[in-house]
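The values are calculated or read from the model by the stated rules, or taken from the named source; none is laboratory data. Just so we're clear, the structure is a prediction, and the values are computed from it rather than from any experiment. All Cβ positions, glycine included, derive from the backbone under ideal geometry; neighbour counts span all protein chains shown.
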Amino acid sequence: MRLRSPTPFRADVCERGLGSSSIIVRMPAIRKLAVEATDNALLAPELAAGIQRVKSAKSIGVRAGNWLTLRQAQALLNAPDITTPVNRGDQVQGEVLSEKVVWQMLRPHANAAGVPGIAPHDCRRSCAKFCRAAGGELEQIQLMLGHASVQTTERYLSTKQDLVHAVNDGIKLRVAV
């Protein structure tokens, strides 16, 4: 098997029309594979070091996604009939906790609530947004979501700095003249 240098890989994914977010999520996997290959003497350390230096794509724009309104979230929460075993989660078809099962359980309730296109990740995103709107601290939301950095959480919530109501304006310190 002939290994290509990291720069042609980056060019290849760009030529395939992958968006910046697709490239961003692939690069850590490539870097980890290079480290594993080096640890197992399958790849020269110099080549692995070169792979580590390949820059990822820049994040362009704001991630498109669906956020539920409070009314939609309440309708979705009220959609299941919790008196039946399947809606309590006692009887789930398929592998427990797999993504397919979550979709299978969400779809009929989303349709009943009037939000047929909603995805499980949209519910997660909406929950985070509601927590923030209710005064939840960014760091706590970060922990809830399992994000490694607060910057990821900020992008996830589409958080922008509020210069009109800057947080540091609430500090009651004054410079003595």
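Scoring Ile171 on the criteria (1) out of contact with any Asp or Glu (no Cβ under 7 Å at 6 or more places or on another chain); (2) under 19 Å from Leu77 (Cα atoms) leaves a single failure, condition (2). When region 14-28 is filtered for residues that are in a helix (DSSP H, G or I) and under 16 Å from the mean Cα position of the chain (by Cα), the ones remaining, listed by number, are Ser20, Ser21, Ser22, Ile23, Ile24, Val25, Arg26, Met27, Pro28.
Can you say whether Val101 is modelled with pLDDT under 65 and part of a helix (DSSP H, G or I), as far as the supplied structure shows? Judged against the criteria, Val101 is not a match. The requirement of being within 15 Å of the chain's Cα centre (by Cα), part of a loop (DSSP other than H, G, I, E, B) and exposed (fewer than 10 other Cβ atoms within 10 Å of the Cβ) is satisfied by Ala148. Applying the criterion of being assigned to a helix (DSSP H, G or I) and modelled with pLDDT under 70 to the residues of region 1-13, the residue that is surrounded by the fewest Cβ atoms within 10 Å (Cβ to Cβ) is Pro8.
Here's the yes/no breakdown for (1) surrounded by 12 or more Cβ atoms within 10 Å (Cβ to Cβ); (2) at pLDDT 90 or above; (3) under 30 Å from Arg125 (Cα atoms):
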position	(1), (2), (3)
Met27	yes, no, yes
Ala37	yes, yes, no
Val54	yes, no, no
Ile60	no, no, yes
Gly65	yes, no, yes
